[in-house]
Amino acid sequence: MPLETAPSPTVGVLMLPGQVPLDLVGPLQVLHSAQRMHENLTIRYFGPSETLDWLGPLALSGIEPLPRTSQDWDLLLVPGQYRQGIDPSRQPLAVEWLREHAPAARTVMGICSGSLLLAEAGLLDGRRCTTHHTLLAQLETLAPGARVQGDCIFIEDGPVLTSAGISTGIDTMLHWLTRCFGHRLTLAVAREMVLYLRRSGHEPQLAGWLEGRNHVDERIHRLQDALSARLGERWSMADMARAAIMSERHLRRRFLAVAGMSPHDYLLRLRLQLARQLMEETPWSLARIAEEVGLGDDRQLRRAWRRFETGSPRAWRERREPGSS
């Protein structure tokens with residue numbers, strides 16, 4: 001389920017010398033795709049200078065000055081920088097600005113070495129975090145109070161998201177998009193970007209929705225979209241075949257070939273994914289969650305759970321409660 005967001009969500013992007021091109025462009029492509037589908041999403045760019053040398057002869061311009069007052073950002077994005085491109089006269093200003101203003105943002109996202117800036121600003125103390133594998137030792141030095149991890153591509157800890165860098169900024173932004181707007185918008189963005197199967201961090205809300213979508217069969221995608229949008233409905237094979245506009249026999253063969261599972265198993269996985277999200281994000285009973293996701297009652301939820309998970313739904317939920325180890 002999406003989080004509550006402002007009527008017009010705003011993303012601020014910190015623009016600094018030495019910026020790694022894909023650290024910026026990858027997440028921005030996700031945002032611009034979402035922007036076309038969600039007209040109220042606003043993106044602003046600011047930094048210590050109005051222009052930046054960026055990629056060979058290419059330069060970036062039109063950058064706003066650093067805001068002097070704290071802004072109510074839904075997301076503050078901090079892309080990474082090449083070490084040799086950092087301007088030592090401006091870097092301390094960026095760190096001080098982050099220290100003062102980043103806490104006002106609902107979420108702060110550090111891409112690659114952007115995590116080092118967050119560490120210098122004291123934003124990672126006591127939090128789990130990550131960065132590019134070559135910078136993990138440096139991150140540990142800059143944030144001795146943080147729990148630095150190198151076994152994942154991104155980590156979300158409270159209001160802070162950090163990623164391992166370069167292409168993983170795309171995964172991290174897709175994750176944020178899901179948290180804010182729900183899986184349907186994110187699926188549309190991922191399909192537009194031909195990213196039907198993406199990796200996840202240790203909070204794989206997005207991965208479950210994109211499982212089985214690493215293909216380009218438009219008819220199967222049409223069915224998968226319909227299943228995702230109407231999980232609470234009863235779906236017979238005949239219903240699925242009508243949605244895909246193919247025979248039941250051909251649908252069974254084709255779905256297994258491109259998605260790696262049967263249509264009914266795919267539907268069950270979607271229902272369980274939504275059940276997990278509801279268990280994490282709501283106080284609802286298992287019976288109510290089972291009804292919401294189309295599994296009928298808590299007995300059927302537990303039966304479906306045993307097919308793909310160990311333990312019980314209740315134990316899984318308890319492990320994710322605040323304060324659990």
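The values are calculated or read from the model by the stated rules, or taken from the named source; none is laboratory data. What you are looking at is a predicted structure, and each value in this text was computed from that prediction instead of being measured. Because the Cβ atoms are built from the backbone with ideal geometry, glycine has one as well, and the counts that use them run over all protein chains shown.
Odds and ends about this structure:
- Test: residue in segment 72-84 that is in contact with a strand residue (DSSP E or B) (Cβ under 7 Å, 6 or more places away or on another chain), farther than 21 Å from Val25 by Cα and either in contact (Cβ under 8 Å) with a residue 24 or more places away in the chain or surrounded by 15 or more Cβ atoms within 10 Å (Cβ to Cβ) (or both): no
- The residues of segment 136-150 that are over 22 Å from the mean Cα position of the chain (by Cα) and either of a type in the set (Ser, Thr, Tyr) or surrounded by fewer than 23 Cβ atoms within 10 Å (Cβ to Cβ) (or both), listed by number, are Ala137, Gln138, Glu140, Thr141, Leu142, Pro144, Gly145.
- Condition met for Val189 (crowded, with 16+ Cβ neighbours inside 10 Å and either over 15 Å from the mean Cα position of the chain (by Cα) or modelled with pLDDT of 85 or more (or both)): yes
- Residue in segment 250-267 that is surrounded by fewer than 13 Cβ atoms within 10 Å (Cβ to Cβ), over 24 Å from the mean Cα position of the chain (by Cα) and at pLDDT 95 or above present: yes
- For segment 303-321, the condition holds for no residue, the condition being that it is at positive phi and of a type in the set (A, V, I, L, M).
- Scanning segment 46-53 finds no residues that are touching a residue at least 40 places away in the same chain (Cβ under 8 Å), hydroxyl-bearing (Ser, Thr, Tyr), outside the structural domain of Glu280 (by TED's automatic domain parsing) and in contact with a strand residue (DSSP E or B) (Cβ under 7 Å, 6 or more places away or on another chain).
- Condition met for Leu60 (more than 17 Å from Leu117 (Cβ to Cβ) and of a type in the set (A, V, I, L, M, F, W, C)): yes
- Here Glu100, Glu120 are screened, and the one residue that is farther than 9 Å from Val78 by Cβ, at pLDDT 95 or above and crowded, with 16+ Cβ neighbours inside 10 Å is Glu120.
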